[in-house]
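A short reminder: the numbers here are calculations on the coordinates, not readings from a lab. Bear in mind that the values here come from a model prediction, so they are computed numbers and not experimental data. Backbone-built Cβ (ideal geometry, glycine too); neighbour counts: all protein chains shown.
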Amino acid sequence: MGLQHAPDDILKLTPRRSYAVTALVAVGNYALQPTWDDGHSTGIYTWEYLRILSPQQPDG
C-alpha cells in the first residue's frame, strides 16, 4: 500500500462513525499500529504518514 494510495486530504473524509484508539504498538523504528475500539488492529501508520496528517505547528 503506502503513501501513493493515501487520499489527498484524509482530514476531509467523513467516517461513518468515530473510532477511538485503545492501544498503540511500535512497529520497529518506523511506524505505529493502533488497536481500535471495535477490536481490530489492521493498519500500520508510518511516522512519515502521521506527520503528513498532523496540523502544522508554528515555529518558535
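So the values come out like this:
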| read-out | value |
| --- | --- |
| Of the chymotrypsin sites (Phe, Trp or Tyr not before Pro) in the stretch 16-60, those whose Cβ has at most 14 other Cβ within 10 Å and which sit in DSSP loop | TYR19, TYR30 |
| Backbone HN-Hα couplings from phi across the stretch 35-49 [Karplus 6.51/-1.76/1.60, Hz, Gly and Pro as x] | 10, 8, 5, 8, x, 7, 9, 7, x, 10, 10, 6, 4, 4, 5 |
| Interchain or long-range residues, amide H under 5 Å from ALA31's placed H | TRP47 |
| Residue-span extension gain [GLU48 to VAL25] - 0.36 nm each, minus C-alpha spacing | 6.7 nm |
